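**Student:** Can you read through this structure? Questions will come right after.
The values are calculated or read from the model by the stated rules, or taken from the named source; none is laboratory data. What you are looking at is a predicted structure, and each value in this text was computed from that prediction instead of being measured. Heads up, the Cβs are rebuilt from the backbone with ideal geometry, glycines too, and the neighbour counts pull from every protein chain shown.
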Amino acid sequence: MFEDLLPAVERGVMDVAGSIPVVFKGIERTYEKGTVLSGPSRHDYHELTYMRSGRAEFEIEGRKMALEKGATLVIRPGMAHTIRLDDSYADMIVLYFGFSKKFSENIRRGDMPGRADIAPETIEQFVKFASGKDQQSEEERVKEPFLLIKGKSRQDIAALVERILRENRQEAYGKDIMMQLLAMELLVALARGLREEWEESLRVKTGKARELVKIARDFIIRNHDRDISVAEAASYVFLSQGYFTRAFRDETGISPMAFLMQVRVDHACKLLEQQDIKVSGVAAQVGFSSPQRFNAAFRKLIGMTPMAYRRKIIEAGPLARSADLSD
């Protein structure tokens, strides 16, 4: 029974992810000063370089950049790249990874995943998500030859890269499924790192945070009748919940949840003018999970219960309501 456990876990990962991230090679590299690798390299898979120490100059599809201690560089498939070290040495870890829907079958055959098994389109979805909603067009974003991470997440990424390297060297029980799980964890860490870098860049992009808050406000207004959360609104504009909440409050003066309650109650006031809709029905139509929650939110914002508000509207009559609208 126990020997059937890991295949079952692997099938579960496949069911959830559709395709499995695969780290199929991990090596350590040390370069001396003055090293220049001859000829550009190209791969059919993604190449991740984590710089343990030192500094190296990379040229990727004609774009030059320096990789320093603690930074992580992910080069996309098919991108020509060279490494040069003029005045420093470099100690780095390099991982090669991709996505495979046939990985389970290859493991049983003892084969490594080849070009036909790797699914680049899956990582593209990850790149689009992790890169955030930039001003670039969809086509321009896909053409980005590499991703660079050097922010707060670098320590988490470093620990995972080292662990993947150790796991890859040994022949422990369950190595294959452990490598898959570590690869998935690595992608989450990369996504978080890219999001942090993007959020940090927003602090110096005048008007960008304001634009994202406006997009999120419109999303909340359109979906206020659903059971949406602050996390869902933040995810819609590719921001972490903490950063989104701060940016939203800075731009509007209230929290995202307070804004959602305000939108729901404003809509409820209009529906309460229609006497053929029950108060409990109004609660459901504007997105409250129960009449009790509706009553509490309505009383907090309007100063009376929904039923009392309806009675007040009825007693005021249509002429009074018309006067209120004209004001």
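**Student:** What are the residues in the range 210-227 that are surrounded by 15 or more Cβ atoms within 10 Å (Cβ to Cβ), under 22 Å from the mean Cα position of the chain (by Cα) and outside any helix (DSSP H, G or I), if any?
**Tutor:** ASN223
**Student:** Separate question: Given the condition at pLDDT 80 or above and acidic (Asp, Glu), answer yes or no: does some residue in the range 105-112 qualify?
**Tutor:** no
**Student:** Looking only at the range 176-230, filter to residues that are more than 25 Å from MET257 (Cα to Cα) and among the acidic types (Asp, Glu); which one of those is modelled with the highest pLDDT?
**Tutor:** GLU185
**Student:** Of the numbered conditions (1) modelled with pLDDT of 70 or more; (2) within 30 Å of the chain's Cα centre (by Cα); (3) at positive phi, GLU47 satisfies every one except a single condition; which is it?
**Tutor:** Tallying (1) modelled with pLDDT of 70 or more; (2) within 30 Å of the chain's Cα centre (by Cα); (3) at positive phi, GLU47 fails exactly one: (3).
**Student:** Say whether the condition of being surrounded by fewer than 19 Cβ atoms within 10 Å (Cβ to Cβ), among the hydrophobic types (A, V, I, L, M, F, W, C) and modelled with pLDDT under 80 is met by at least one residue in the range 135-152.
**Tutor:** Scanning the range 135-152 turns up at least one residue that is surrounded by fewer than 19 Cβ atoms within 10 Å (Cβ to Cβ), among the hydrophobic types (A, V, I, L, M, F, W, C) and modelled with pLDDT under 80.
**Student:** Quick check: is even one residue across the range 172-195 more than 30 Å from LYS69 (Cα to Cα) and free of Cβ contacts under 8 Å to residues at least 60 places away in the same chain?
**Tutor:** Taking every residue of the range 172-195 in turn, at least one turns out to be more than 30 Å from LYS69 (Cα to Cα) and free of Cβ contacts under 8 Å to residues at least 60 places away in the same chain.
**Student:** Would you call VAL237 touching a residue at least 60 places away in the same chain (Cβ under 8 Å) and not acidic (Asp, Glu)?
**Tutor:** Values: touching a residue at least 60 places away in the same chain (Cβ under 8 Å): yes; not acidic (Asp, Glu): yes.
Against the criterion (touching a residue at least 60 places away in the same chain (Cβ under 8 Å) and not acidic (Asp, Glu)), VAL237 qualifies.
**Student:** Let me ask something else. Hand me the list of strands (runs of 3 or more DSSP E) wholly inside the range 35-77 holding 2 or more residues that are among the acidic types (Asp, Glu). Even if it seems obvious, please write down each step before you answer.
**Tutor:** On the way: elements: 46-60, 63-68, 72-75.
The strands (runs of 3 or more DSSP E) meeting that bar are 46-60.
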